[in-house]
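Heads up, the thing below is written out as C-alpha cells.
The values are calculated or read from the model by the stated rules, or taken from the named source; none is laboratory data. Note that the coordinates shown come from a computational prediction; the quantities given were computed from them, not determined experimentally. Counting neighbours? That spans all protein chains shown, and the Cβs are built from the backbone with ideal geometry, glycine included.
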Amino acid sequence: MSDTSDELPEELPQDLPEGASKRLAELEHGLFTSDLSVNEFLLIKEVGFHPVGFVMGSSIYHTGIQTRKWGQSQELTKLTEAMYNARELAMTRMEEEALELGADGVVGVRLDVNYYEWGKDAAEFIAVGTAVKAENGVSHRNKLGKPFTSDLSGQDFWTLMQTGHIPQGLVMGTCVYHIAHRGLGATLGSAGQNVELPNFTQALYEARELAMTRMQDEATELGASGIVGVRLEEKSHQWGSHTIEFLSLGTAVVKTSDDVTLPKPTTIISLDN
Amino acid sequence: MTVPAESSGDLPEAAVRRFAEGAFTSGLTVPDFAACLQMGLEPVGFTQGYCVMQWQWYGMSPMGGGFGYQWGGVRGYSETFNCPHGFVSQEHRSWGQNYEQSWLEDAWTSGFTTAYDRMLDEAEAAGAHGIVGVVDTSAPLADMGVVEFRVQGTAVRVIDGPPPLDGRPWSTYLAGQRLAKLVEAGFAPVSIAATVASVGVWANCVTQYQTEGSASMYRTGNPGEEIIQTVKAQTVARRLATERIRSQLGPDSLHGASLSTTRRELGEGDSAVECILRGNRVRRFKDFDPMPAPRPTVRLL
C-alpha cells in the first residue's frame, strides 16, 4: 500500500479508501476497465475519447425521520436535504476517482439506492460509471474544472457530439413530500362524486416543480444551455405510501457549435427478425 | 397561490419560476433530441400537467357484491340478459345486465383533459409552438380512493417557423425520427387524442356459471361455448371508444392508434371492461412525395 501512495499526485482528494488508490494507480499504467458494451466502446473511440477506468462513489447515509402532520401536505425539508446530500456525496466521490485518473468525464452514470437489514433508516447511495479522456489532450472538463458526468450511453454520447453539444454534468433535484391524509369529513363531503381534488393536485404539482427547479439550478451553475433526457422518478422508499420522493434527473449539455453533423437519415429495411 | 399577472392563472408558482430561468429542459432521449434538431425543432422545456381526481366504483367492489346504486345514474348503453331457465331461485341470478359506466368515463375524461390543458398552459407560457413525445399515465395515489392523471411532454419551438394558428400549441405522442417520417409523408401533428369507454358486467346465471366453470345443472351446452355477455361488453366498449374518437377528429386523421383494454374482475362473473383509445390527430399539409427506396441493412449486434 505504502509504495503506491507515494506515486499519487499531491492535489488528490484524501477521502478515497486505500483500495481505490491502489486500483486506480494500476489503471494509470495503461490498463483500463469499463462497463461499456463493444458498440459503446467503438463509438466513444470514434468521437476521440478513450475509456480510462470504471469509477464509483458511495455513501451510506442515515436519512433519519421527520415528523409529518397527518392532515397536511408539506415538503419534508430534512429528508429532501438528506436524499440530496447523500447522492451528491456519492457523485463527488465518483468524480474524485475520475479526477485521480485524469479523466475528462464519466459516461453511463447510474445512481442507485440500496437498503440493508443492518441499517435502520440508513441507505447506501451508489454512483458508478466509466471515466473517459480525450485522446487529443484537449480538456473537456466542465466550468467548475471537474470531469463532466452524464447518464448517457456510448451511443447517446456519440449522437450528442454530432449535434454540437457536450455534456457538462448529471444534474438532479429532489423533493420529499408528505401527502396529507384525507379527513373523514372531507371524504364524506365528496362521497359519490368523481371530482378533482385541487389540494392534492397542487401539492404533487408543486413537489415535482420544486424538484425540477432544483435540477435546473444545478444546470445553470454549470453554465449549461440545456438538459436532455430528463426523468421524473417517484419512490416512497421506506416511508410508507404517503411520503414520496420526487427525483428529477438529466444530463446538462452545452452547445459548442451550430453544426449538426449527423448524416441525413435514410429509410432502411431491417433484415433482422 | 401568487402568480404574475401575465402568466396563465392555472399554473403553480413553482412552474412559473421554473420557466423564468434560462436553460431548456427536455424529456427527450438523445436520439429523439438529435432528430428534433435536425427537423428544425428546438426544445424549450419539459412540460407537465396533473390532476388528482376522486375515484369511486360505487358499490361495484367485490365486497359490495354487485349492482349497487349509482349516484350519477346510468347513461348510454345498457342491455339486459334474461335467464333462459324460466324459474327463480335464491342461488340463481335470473337476470344480468351490461351497462355503460358513464360516471367513470366522465371522471376519466375530466381528469385527463384538465391535466392535458395544464400541460398546454405550461407550453404556452414557455412560448412553445408544440409538444412532442407526450406520455400520459394515471395511477392510484397513496391508497385513498383517488387517482392522479399525469400528462408530460417536451415543448418545442419551430426554428424560423410560424406560431400555431389558433394560439394553442399542437401536441403529439411521437418524437424523433417517427415524427420526422410523419412530416416527410405530408402530415402535420394537430393534437393527441384519447377517449375511454367503460362497460360493467352484472352477470346473469349463464355468464356466472360459464366464467366460474362450475359443474351445475344450470350449465348450458358444451364447455367450449362463447360467453355472450362478456363478449358483448368487450365489443361495445371498443366500439364506443372508436366512435368517440372519430367524433373528435373532424376532417383530420388518426395516426398510430393504440387500443388498450383492461378487464377488472369484480367477483362471481361480474367484471368491468375499460377501453382506452389513444392516437395522434394529424392533418395533411402537403401531397405525398414518395420517399427514396429503402436500403436493406443488417445490424451487427
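Below are the figures for this structure:
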| item | result |
| --- | --- |
| Every residue from the stretch B:114-163 that is buried (at least 21 other Cβ atoms within 10 Å of the Cβ), assigned to a strand (DSSP E or B) and among the hydrophobic types (A, V, I, L, M, F, W, C) | B:Ile131, B:Val132, B:Val134, B:Val146, B:Phe149, B:Val151, B:Ala155, B:Val156 |
| Counted residues, the stretch A:211-233 - those being at the interface with another protein chain (Cβ under 7 Å from one of its Cβ atoms) and either part of a strand (DSSP E or B) or out of contact with any Lys or Arg (no Cβ under 9 Å at 6 or more places or on another chain) (or both) | 7 |
| Counted residues, the stretch B:166-196 - those being closer than 25 Å to B:Asp289 by Cα and either in a helix (DSSP H, G or I) or without any contact (Cβ under 8 Å) to a residue 24 or more places away in the chain (or both) | 9 |
| Output for the stretch B:9-35, where each listed residue is at pLDDT 85 or above and more than 7 Å from chain A (Cβ to nearest Cβ) | B:Asp32, B:Ala35 |
| Selection within the stretch A:107-125 - surrounded by 19 or more Cβ atoms within 10 Å (Cβ to Cβ) and either over 11 Å from the mean Cα position of the chain (by Cα) or under 22 Å from A:Lys78 (Cβ atoms) (or both) | A:Leu111, A:Ala123, A:Phe125 |
| Within the stretch A:129-161, tally of residues that are surrounded by fewer than 19 Cβ atoms within 10 Å (Cβ to Cβ) and either at positive phi or not in a loop (DSSP other than H, G, I, E, B) (or both) | 4 |
| Residue under evaluation A:Asp258, criteria (1) in a strand (DSSP E or B); (2) under 29 Å from A:Gln162 (Cα atoms); (3) more than 7 Å from chain B (Cβ to nearest Cβ), criterion not met | (1) |
| Residue within the stretch B:137-153 that is over 19 Å from A:Phe200 (Cβ atoms) and more than 10 Å from chain A (Cβ to nearest Cβ) present | yes |
| Extreme residue, surrounded by the most Cβ atoms within 10 Å (Cβ to Cβ), among residues of the stretch A:199-233 that are in contact with a Gly (Cβ under 6 Å, 6 or more places away or on another chain) and small (Gly, Ala, Ser) | A:Ala211 |
| In the stretch A:40-61, the residues that are in a helix (DSSP H, G or I) and not basic (Lys, Arg) | A:Glu40, A:Phe41, A:Leu42, A:Leu43, A:Ile44, A:Glu46 |
| Single condition B:Arg284 does not satisfy, out of (1) in contact with a strand residue (DSSP E or B) (Cβ under 8 Å, 6 or more places away or on another chain); (2) farther than 30 Å from B:Glu79 by Cα; (3) at pLDDT below 85 | (3) |
| Cβ pairs under 8 Å, 6+ apart, first in the stretch A:120-134 and free of Cβ contacts under 8 Å to residues at least 60 places away in the same chain, second buried (at least 24 other Cβ atoms within 10 Å of the Cβ) | none |
| Some residue of the stretch B:71-86 being closer than 16 Å to A:Val228 by Cα and at pLDDT 85 or above | no |
| Enumeration of residues in the stretch A:112-128 that are small (Gly, Ala, Ser) and outside any loop (DSSP other than H, G, I, E, B) | A:Ala122, A:Ala123, A:Ala127 |
| In the stretch A:62-97, residue farthest from the chain's Cα centre (by Cα) [restricted to those that are assigned to a helix (DSSP H, G or I), among the charged types (D, E, K, R) and more than 16 Å from A:Met172 (Cβ to Cβ)] | A:Lys78 |
| Residue in the stretch A:239-254 that is of a type in the set (D, E, K, R), more than 8 Å from every other protein chain (Cβ to nearest Cβ) and surrounded by fewer than 17 Cβ atoms within 10 Å (Cβ to Cβ) present | no |
| Wholly enclosed strands (runs of 3 or more DSSP E) of the stretch B:223-301 bearing at least 2 residues farther than 19 Å from B:Leu104 by Cβ and touching a Lys or Arg at 6+ places or on another chain (Cβ under 7 Å) | B:253-267 |
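Table: residues versus (1) over 22 Å from the mean Cα position of the chain (by Cα); (2) free of Cβ contacts under 8 Å to residues at least 60 places away in the same chain; (3) within 14 Å of chain A (Cβ to nearest Cβ).
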| residue | (1), (2), (3) |
| --- | --- |
| B:Lys232 | no, no, no |
| B:Arg246 | no, yes, no |
| B:Leu254 | no, no, no |
| B:Asp270 | yes, no, no |
| B:Val282 | no, no, no |
| B:Phe285 | yes, no, no |
| B:Met291 | yes, no, yes |
| B:Pro294 | yes, yes, yes |
